[in-house]
1. Mind checking which lysines have their C-alpha under 30 Å from A:LYS14, skipping anything on the same chain fewer than 8 residues away?
2. For a quick check: sort A:CYS81, B:CYS81 by the number of other beta carbons within 10 angstrom, fewest at the front.
3. What is the spin-label model distance, in nm, from B:SER202 to A:MET1 if the labels are put 7 Å beyond Cα along the C-beta direction?
4. Kirkwood Rh, Cα Rg: Rg to Rh for region A:1-137?
5. Can you pull the mean other chain C-beta count within 10 Å for peptide B:102-114?
6. Compare A:PRO234, A:PRO59, A:PRO129 in a GNM of chain A, Cα atoms joined below 10 Å, and give the one with the largest fluctuation.
7. If you take the alpha carbon radius of gyration of the protein assembly as shown and divide it by 2.2 N^0.38 Å, what ratio comes out, to two decimals?
8. Would you be so kind as to identify which of B:VAL186, B:SER202, B:SER155 lies farthest towards the positive end of the dipole of region B:135-251, taking Lys and Arg as +1 and Asp and Glu as -1 on Cβ and the Cα centre as origin?
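Values quoted throughout were computed directly from the atomic coordinates according to the rules given, and no laboratory measurement underlies them. Worth saying up front: this structure is predicted, and the values here are computed from it rather than measured. Cβ placement follows ideal geometry from the backbone for every residue including glycine, while neighbour counts extend to all protein chains displayed.
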There are 2 protein chains.
Amino acid sequence: MFEARLSQGSLLKKILEAVKELVTDANFDCSETGIALQAMDNSHVALVSVLLRAQGFDPYRCDRNMPLGVNLNSLNKILKCAGNEDIITLKADDSGDTLGLIFESPNNDRIGEYELKLMDIDQEHLGIPDTDYEAIVRMASSEFQRIMRDLTVISESVTIDVEKEGIKFTSSGEFGTGAVTLKPHVDIDNEEAATSIELSQSVSLTFSLKYLTLFSKSTPLSDQVTLFLSDNVPLLVEYKMGDSAYIRYYLAPKINDDQ
Amino acid sequence: MFEARLSQGSLLKKILEAVKELVTDANFDCSETGIALQAMDNSHVALVSVLLRAQGFDPYRCDRNMPLGVNLNSLNKILKCAGNEDIITLKADDSGDTLGLIFESPNNDRIGEYELKLMDIDQEHLGIPDTDYEAIVRMASSEFQRIMRDLTVISESVTIDVEKEGIKFTSSGEFGTGAVTLKPHVDIDNEEAATSIELSQSVSLTFSLKYLTLFSKSTPLSDQVTLFLSDNVPLLVEYKMGDSAYIRYYLAPKINDDQ
DNA sequence: GGAAAAGTCT
DNA sequence: AGACTTTTCC
């Protein structure tokens, strides 16, 4: 028996909006500690990892570990039937054939009950090694999204250079080049606009803009995004939703063949 | 060495939005007095003339005349990477191979640096004779845009009749006819909504609505537009942005063969 | 919360 | 290029 009640249903709606273009099918691994989703993207280039801790639900109950194989497209369609203010309850009985979704309107005068057929998905739960990253950059998620969108005009890839003085995104293409630099700063009026850099070593890595743009679809989930970079290690892009949930993306750097 | 800093960067963004569908490639003729762009439209029917006087920039420096051949589509793409509030600086060294663009965010924590490859464009700087126009009509630019859009439904061309009593736009097509008349008036509350007519002789001229509609894409640049008309002379449509910049369109009248 | 504008997708 | 969706402004 699995049951999880999420008072802020929009969280789940936004997560599926963020992930659905990257992954089509994935397991919701439900356990005592919460719900985890981990999947390679469709082209097996990027990795998505979502965690919804049990403490973010009220109540949360999961008697035994259950991998719920979900077609994210179908789930997203069903979640579009929930209002942004709705309370969402997820349910699965021990057979694990279907995922039940209950949408309660805020004033409780409207109840939506949906059932999603589940599927068996080969579990390829990858262990992600803990890494001590050489550079950790925290910035406004909207800024990150904007920069990715801007540089897409110039090229298909971006080089990220992190130094103490700032983080620089550079692209070079047919008709020209573009570079955006953010300096670390605190904005008292706009706390979410702050940029901070922790650095043990300068890094310079190149990534596919297509994937970074897809990652940045998580912008509605958090005002801030954190980039974790190290040489020859996949980039980690993390969006934290309070303390009880996060969505993480991993992307391997491109090999620098232009030097 | 050429360098021009424009505190109101949105001006440049809007100019490119206004012109990009009419002209694909053009020279930015930079000189001591400012930046001028003059080009026939792609079908060689209309003429666009943009002037950005040096006084509109701070600072402005241009050691020698330089024609910077620009693909307006590419430039527009780069300008989309600038925020509406950004300060834009244009730069070119004497080689004239590239145009540098620097976008500074208002609070200076974000710098975008772009380079656009330049091209050689055959200089066809046309001398535009000064004309004493028979009719000069000043009206709200949004009104002009609206009328052009409305009459496009009726026909592909519009006849503009100017008399002391008003300016009349008439179209006639398959399924009907349309006419919009504006009377001269002053609006004390809405100064920009005023319509004024200076007239030495009544005129009646017919123009392609396609081009007038393209001209009216300059609406965001100025609340007012001025139409200069004379018999057998190209129409001049002028949008003034303060005293230091303007954009002018010229369009030859259609031959009246329906009479 | 609605309308207008921009961006994105077909 | 057009329509739809999304975002921003009022």
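1. A:LYS77, A:LYS80, A:LYS91, A:LYS117, A:LYS168, A:LYS183, A:LYS210, A:LYS217, A:LYS240, A:LYS254, B:LYS77, B:LYS80
2. Numbers: A:CYS81 11, B:CYS81 21.
Ordered by Cβ neighbours within 10 Å, fewest first: A:CYS81, B:CYS81.
3. Those two pseudo-labels are separated by 9.1 nm.
4. Numbers: Rg = 15.3 Å, Rh = 15.6 Å.
Rg/Rh for region A:1-137 comes to 0.98.
5. Numbers: counts 0, 3, 0, 3, 0, 5, 2, 12, 12, 7, 8, 7, 10.
Whole-number average of other-chain Cβ neighbours for B:102-114 is 5.
6. A:PRO129
7. Values: Rg = 29.6 Å, N = 518, 2.2 N^0.38 = 23.7 Å.
That ratio works out to 1.25.
8. Sorting the options by dipole projection puts first B:SER155.
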